[in-house]
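Asker: Can you keep this structure in mind? I'll have questions shortly.
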Amino acid sequence: MPTVVVSGAIANKHLNGGEAWVRLSWILGFRRLGCEVIFVEQLGADAGDEPRAYFDDVVEQFGLGGSAVLLRGDDESISGMSLDEAVEAAAGADLLVNISGHLQAPQLMRRLRRKAYVDLDPGFTQFWHLAGNTGARLEGHDLYFTVGENIGTDVCSIPTAGFDWRAVPPPVVLEEWPAAPGDGPFTTIGAWRGAFGPVVHDGHTYGLKVHEFRKMIDLPRRVPAAAFEIALDIHPGDNADREALEEHGWRLTDPHTEAPGPLEFRRFVQRAGAEFSVAQGIYVETCSGWFSDRTVRYLASGKPALVQDTGFSRNYPTGEGLVPFSSLEEAVAGAAGIASDHARHAAAARKLAEERFDSDKVLTRFLEQALD
């Protein structure tokens, strides 16, 4: 089996257990297939000690010691393998899986023979690149994959930006995410405004998650048979939104308390009855086909997902287990339907994860394309 270098942000997104699982799913998934896996993360040159401590905890929890390295800047190893060991590993690797173009260190990049970029933010990535924003970090790769599965098709308005985008679903390691009983509240976790500002392209400003959530604020009042909870990172300047959410029946908790690490994130998801979430406006407006890695973990846990349609309904079976909505009325009907027949939807959710998002299947196909 091949040797794969995976690069992505865990320390850079410390105290965010869901983000850690995005990268862990690729690392642990490749290991399940028998690949030798090296994880490389790169911090800024002025990074402090807290991200490193978080990195060390995750590496220890998942048995990645001896096969992971944390760089500060381009040329200083501050945890795990030495820089020389990392350079040697890169020279012998068959493939780099560069999640969001995270790895930039020249000493490693020039020794990696084959490099695959994995786009987690369809629309942001391509529009940034076209605008000359170096944050997209697309250059220097051999292949390009995206969770925006409709990019390059007639239904999606995101430009390809000159790249041949290949669709890849978010993988989930089913062994790490067993089905969990329970019919607790609809929950989700995230940031009110997200990590990125609005994108403007050809005079059009694409909306953020906050704009979509405001449209759904009345949902708890409309579905009294269900409870709704958000582990929400919301700035004090958005206190009017916080108060409005609570007045409309949303229970708000602190994501840094609920799910700072991957183990806590898993507990948060698995104590839920189902997921409810909106998407970034740009994913919806462009019919990107974006599908949430968080939602995949709800499904694997046997938790039905009521989530805003980004065009993914063109790619996956919906109606049982996975219920899309495009309006408040559809969300109300979907929540009521899940609440009234939870067991059926829960079984369908797990089945969908097994059939379409199992890391064994997703990453086998990925390697076949990347190493062809």
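Readers should treat all values here as calculations from the given coordinates under stated rules, not as data from a laboratory. The shown structure was predicted, so the numbers you read here are calculated from the model rather than taken from an experiment. Counting neighbours? That spans all protein chains shown, and the Cβs are built from the backbone with ideal geometry, glycine included.
Asker: If I filter region 97-120 for residues that are touching a strand residue (DSSP E or B) at 6+ places or on another chain (Cβ under 9 Å), under 16 Å from residue 37 (Cα atoms) and free of Cβ contacts under 8 Å to residues at least 24 places away in the same chain, do I get at least one hit?
Answerer: The answer is yes; a qualifying residue exists.
Asker: For region 306-345, give me the residue count where each residue is assigned to a loop (DSSP other than H, G, I, E, B), surrounded by fewer than 17 Cβ atoms within 10 Å (Cβ to Cβ) and either hydrophobic (A, V, I, L, M, F, W, C) or within 19 Å of the chain's Cα centre (by Cα) (or both).
Answerer: Counting residues in region 306-345 that are assigned to a loop (DSSP other than H, G, I, E, B), surrounded by fewer than 17 Cβ atoms within 10 Å (Cβ to Cβ) and either hydrophobic (A, V, I, L, M, F, W, C) or within 19 Å of the chain's Cα centre (by Cα) (or both) gives 1.
Asker: Identify, by number, the condition in (1) in a helix (DSSP H, G or I); (2) small (Gly, Ala, Ser); (3) more than 30 Å from residue 204 (Cβ to Cβ) that residue 237 doesn't meet.
Answerer: (3)
Asker: For residue 15, work out the one condition from (1) within 21 Å of residue 137 (Cβ to Cβ); (2) assigned to a loop (DSSP other than H, G, I, E, B); (3) within 21 Å of the chain's Cα centre (by Cα) it doesn't fulfil.
Answerer: Here residue 15 meets the rest and fails (1).
Asker: Filter region 191-211 for residues that are touching a residue at least 60 places away in the same chain (Cβ under 8 Å) and on the phi > 0 side of the Ramachandran plot and give the result.
Answerer: 194
Asker: Looking at region 346-360, which of its residues are surrounded by 16 or more Cβ atoms within 10 Å (Cβ to Cβ), under 19 Å from residue 34 (Cα atoms) and charged (D, E, K, R)?
Answerer: Listed by number, the list holds a single entry, 358.
Asker: Turning to a different aspect of this structure: Search region 234-251 for residues being touching a residue at least 12 places away in the same chain (Cβ under 8 Å) and surrounded by fewer than 16 Cβ atoms within 10 Å (Cβ to Cβ), and hand back the single one that is nearest to residue 15 (Cα to Cα).
Answerer: The selected residue is 235.
Asker: When you scan region 107-212 for strands (runs of 3 or more DSSP E) that lie fully inside it, which ones turn up with 3 or more residues that are aliphatic (A, V, I, L, M) and touching a helix residue (DSSP H, G or I) at 6+ places or on another chain (Cβ under 6 Å)? Break it down into steps so the answer makes sense when it comes.
Answerer: Values: elements: 115-119, 143-146, 165-167, 186-191, 199-201, 204-206.
Per the criteria, no element qualifies.
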